[in-house]
Amino acid sequence: MTAEPDATAPPKDYRILVPRDWFRIDLTQDRWRAQLKTFVDHQAEGRNVPAELKQEAWATLRNTAEAGVRTGALEFFLRPELDGGGILPASLIVSLIPRPGGLTPRDLQESLEAKQGQNASAAEVSTVVLPAGETVRVLGPTTLDLYVRMPGGVGYLALAFAVPLSGVTGPMRRLCDSIAESLRWIV
């Protein structure tokens, strides 16, 4: 007879399923800038992408990754969406937000709702239950942020989706939800 995993113990790791056509960049390694450049070069290859658009895409993605690294980002996934020769990727940044002692999902939801109340283009904030646990969801026109409470009350794993071209609606919304629902804890 096998013992059930302890739901109150902090996880050792996580597993998430992301489609194969999404390019993965490990932000915990020093080589992430080179990986990001490879992505941009590969997307521009064989297309009529002006050098300034390529440079703009590189700078935007680099700045996004650097900001993520400063706030605990672990992985950066990119899915190309091409518009008129430009490079506008959909993305997912996975980050660890440690909160020893635990901020409850309800407290986090209230905090995020208060923050959204000060924003003219407010997003919808709600709490949902995913297979990995209770989750606070912040849905905007082109973003979907999910804060999944980690077992053991050690914090949250944040999944930050950005879909600048098509927005987080229709098939992209279903894809983002499916990726989030695939999250599992390794204990």
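The values are calculated or read from the model by the stated rules, or taken from the named source; none is laboratory data. Remember, it's a predicted structure, so these values are computed and weren't measured experimentally. Every residue, glycine as well, gets a Cβ built from its backbone with ideal geometry; the counts of neighbours run over all protein chains shown. The area values use the complete protein model at the heavy-atom level, side chains included, leaving out ligands, DNA and RNA. Shrake-Rupley method; radii C 1.70, N 1.55, O 1.52, S 1.80 Å.
For the stretch 80-109, the set of residues classified as at pLDDT below 90 and open to solvent by 60 Å² or more (accessible area, probe 1.4 Å) consists of Leu82, Asp83, Gly84, Leu88, Pro98, Arg99, Pro100, Gly101, listed by residue number. Here Arg174 clears all of (1) basic (Lys, Arg); (2) over 25 Å from Arg70 (Cβ atoms); (3) at pLDDT below 90 except the condition numbered (3). Thr143 passes every criterion in (1) open to solvent by 70 Å² or more (accessible area, probe 1.4 Å); (2) within 23 Å of Ala57 (Cα to Cα) apart from (1).
Looking at Ala59, Ala34, just one residue is without any contact (Cβ under 8 Å) to a residue 12 or more places away in the chain and open to solvent by less than 40 Å² (accessible area, probe 1.4 Å), and that residue is Ala59. Residues in the stretch 54-78 that are assigned to a helix (DSSP H, G or I) and within 22 Å of Met172 (Cβ to Cβ): Ala57, Thr60, Leu61, Thr64, Ala65, Gly68.
Reported count of residues in the stretch 38-53, each being assigned to a helix (DSSP H, G or I), open to solvent by 100 Å² or more (accessible area, probe 1.4 Å) and closer than 17 Å to Arg79 by Cα, is 1. I need the full set of residues from the stretch 14-27 which are of a type outside the set (Val, Ile, Thr), within 25 Å of Arg174 (Cα to Cα) and open to solvent by less than 90 Å² (accessible area, probe 1.4 Å), in order please. The answer is Tyr14, Pro19, Trp22, Phe23, Asp26.
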